[in-house]
1. Specify the inter-centroid distance of region 140-170 and region 53-112, based on alpha-carbon positions, in whole Å.
2. For region 35-262, what value does the Rg/Rh ratio take when both radii are computed over Cα atoms and Rh is the Kirkwood radius, given to two decimals?
3. What ranking, highest mean first, results for peptides 131-144, 17-30, 194-207 when packing means the other Cβ atoms within 10 Å averaged over each residue?
4. At Q131 and R20, where each label point lies 7 Å from the Cα along Cα→Cβ, what is the point-to-point distance in nanometres?
5. Please report the relative contact order for region 27-124, taking Cα pairs under 8 Å with a sequence separation of at least 6, and give it as a percent rounded to a whole number.
6. Among S172, A162, V140, flag the residue with its Cα farthest along the positive direction of the charge dipole of region 124-212, charges on Cβ as +1 for Lys/Arg and -1 for Asp/Glu.
7. For region 35-262, give the magnitude of the charge dipole about the Cα centre (Cβ charges: +1 Lys/Arg, -1 Asp/Glu; no others), in debye to the nearest 20.
8. Do any of K197/K219; K163/K222; K163/K197; K163/K219 go past 27 Å between their Cα atoms, and which?
Amino acid sequence: MIHAGRHFLQIPGPTNVPERILQAMNRSVIDHRGPEFAKLAKEVLENVKLVFRTRGPVVIYPASGSGGWEASIVNTLSPGDHVVMFETGHFSQLWRQVAERFGLQVNYLPGNWRSGANPRDLEVRLESDRQHQIKAVMVVHNETSTGATSSIADVRRVLNQAKHPALLMVDSISSLASIDYRHDEWEVDVTIAGSQKGLMLPPGLGMNAISERALAASKQAKIPRSYWNWQDMLQQPGRFLPVHSGHNPALWTARSADHAARGRVAQCISPAYPSRRSHTCGGESLGTGNCLREPQGILEFHDCGVHAAGPQRGRTAQGHSGEL
Ligand SMILES: Cc1ncc(COP(=O)(O)O)c(C=O)c1O
């Protein structure tokens, strides 16, 4: 097959990687236990907090977003725990599967794949949980398979109004750095992200932003864990990735993350930055044919070039440069 010109991907992710980022990776291997890597790791771990809008710790694994899903579960929950998940589309189904494989009792609130999580459904569910059996509420922020975005602020409001102590876990794999996201302000306990969507990096990094409550829960959680253990990752601040336990870091993606986090990604998340809406029907990409029904499900992109994430197949927003 002959390719002419530069290939420009228009799929929900992995997204195009800007030239500047590709250049940043084009260097020789360094010692992952040496001072250069330690410095890189420390900077990435600090800067990426800006993207999540958190002051709390973020852990980064050599993994895809699914690794981040697994880490969120095994670090905070115990077999048999009850959790609530919303049926928003394909990725909510897959996350549910992970939860069930770890022995969780999933209360899957039904949805029609045309809109995001319905906070009223959660309200009703919590009303019947006076004993606080539900240990976590898990939401996909941007359902990549449909384009439906859920209001995390509304889900948090319902939990707070019910004075319910369940942890709030959010999959922001295709929303981080694409759609307004506020880990601290929305009191999210675990945010799961990956490198290959809004951050416009190659695949290879799975991330968890962690609240104090989630950290406390991790000390009681009983699901066995080894590779994903937050405590191992957090014991040695600045070491980034489980270096101490002998694993190799995803060096090249870490380098690219450094450039992305120091660059315009911080600018993209500034509330002062102009935003625009992109009307799309993302079901095409998974062959579901679904289109969004409700206006709140429409993706909102920040005007910063990071809009390749999310389901906007066949459409390039006005003014797109492909470069961060
Ligand atoms: C919303 C969402 N969650 C989870 C995943 C799974 O992530 P990964 O393929 O990086 O494991 C994806 C991947 O597209 C996604 O879009």
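1. Cα centroid to Cα centroid, the span is 13 Å.
2. On the way: Rg = 16.6 Å, Rh = 17.5 Å.
We get a ratio of 0.95 for region 35-262.
3. Values: 131-144: 23.9, 17-30: 14.0, 194-207: 26.4.
The most tightly packed comes first, giving 194-207, 131-144, 17-30.
4. About 5.5 nm separates the two model spin labels.
5. Working: 81 pairs, mean separation 19.4, N = 98.
Relative contact order for region 27-124 comes out at 20 percent.
6. Going by the Cα projections, it comes out as A162.
7. Details: 24 positive and 22 negative charges, 56 e Å.
It comes to approximately 260 debye.
8. Working: K197/K219 31 Å; K163/K222 25 Å; K163/K197 34 Å; K163/K219 22 Å.
Over 27 Å Cα-Cα: K197/K219; K163/K197.
We did not get these values from a lab; they are worked out from the coordinates using the rules stated. In this text, all values refer to a predicted model and were calculated from it rather than measured experimentally. Note that each Cβ is placed from the backbone with ideal geometry, even for glycine, and that neighbours are counted across all protein chains shown.
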